[in-house]
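The values are calculated or read from the model by the stated rules, or taken from the named source; none is laboratory data. Because the structure is a prediction, the values reported are computed rather than measured. All Cβ positions, glycine included, derive from the backbone under ideal geometry; neighbour counts span all protein chains shown.
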């Protein structure tokens, strides 16, 4: 994989990771259009560059991630802890459902990840839903996320374990279902991506280097340079994509993304029906 392919795939990752359009579906198209084979290095590249996207969230919302609430006088113990670390506590509450479901149903999830048609069909069905979800949930009025809201968003996130659903779409819809404003729902979706993506990437990393079939022979100087480039590109693109997306979603809603998802899903189905053999980015 050369510099051109590295930059394109990193751009696709950065653009689609936080938009409700399924990064998996776009990575399938990008990898196959570019003619990139699914080698050990490419597999490692596609999940390691997610660190760039994760870092972009922390940098864009650094005031949220590095701010601790003041504890009122007289409040002590567990209550004081929860007040002080309120932001992190709610992220943990939202993260736990996906962690539990991911461990319980990892084999079923892996089986679905082998089927490109699942991604395509889910893209289309999700797109159809998004055409109407603004009317279903409205614009919302809540800005503050409660523990119960966080838990419900976390449960919605579990739906995104089905390839093609889009983690972003599932969690934003989960927030809107709790009467959150579109902006608040989108921003909490970004926040939740940090522990979720970090955990998933860390597991892939451990499997890659310490699993039964671990082989780090791909980690040559040239490949590590491509990895660094990919992380930087993904970071910059994801940063710009998030800033644009929040404003666009708050103003226009989901409809445009629904139409786009349907088109992408039909494109993948078209490739499959025409006899092309598409491979999953794993």
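Look at (1) surrounded by 12 or more Cβ atoms within 10 Å (Cβ to Cβ); (2) at pLDDT 80 or above and you find that residue 220 fails only one, number (1). If you go through segment 130-184, how many residues are farther than 25 Å from residue 200 by Cβ and in contact with a strand residue (DSSP E or B) (Cβ under 6 Å, 6 or more places away or on another chain)? The total comes to 3.
Looking only at residues of segment 135-166 that are at pLDDT 90 or above and within 19 Å of residue 242 (Cβ to Cβ), we find that the one that is surrounded by the fewest Cβ atoms within 10 Å (Cβ to Cβ) is 157.
Taken over segment 241-261, residues that are in contact (Cβ under 8 Å) with a residue 60 or more places away in the chain and assigned to a helix (DSSP H, G or I) amount to 13. Exactly one residue out of 278, 208, 272 is more than 19 Å from the chain's Cα centre (by Cα), modelled with pLDDT under 85, surrounded by 19 or more Cβ atoms within 10 Å (Cβ to Cβ) and at negative phi: that is 208. Against the test of being surrounded by fewer than 20 Cβ atoms within 10 Å (Cβ to Cβ) and either at pLDDT 85 or above or farther than 30 Å from residue 182 by Cβ (or both), the options 72, 20 yield a single qualifying residue, 72.
Remark: residue 240 matches the filter, which requires a residue to be at pLDDT 90 or above, over 22 Å from residue 132 (Cβ atoms), loosely packed, with under 15 Cβ neighbours inside 10 Å and out of contact with any strand residue (DSSP E or B) (no Cβ under 6 Å at 6 or more places or on another chain).
Of all residues in segment 163-188, which are more than 17 Å from residue 148 (Cβ to Cβ) and assigned to a helix (DSSP H, G or I)? Of everything in segment 163-188, those that are more than 17 Å from residue 148 (Cβ to Cβ) and assigned to a helix (DSSP H, G or I) turn out to be 167, 168, 169, 170, 172, 182, 183, 186, 187. Filtered by the rule that a residue be surrounded by fewer than 15 Cβ atoms within 10 Å (Cβ to Cβ), over 19 Å from residue 151 (Cβ atoms) and at pLDDT 85 or above, segment 80-118 gives a lone residue, 80.
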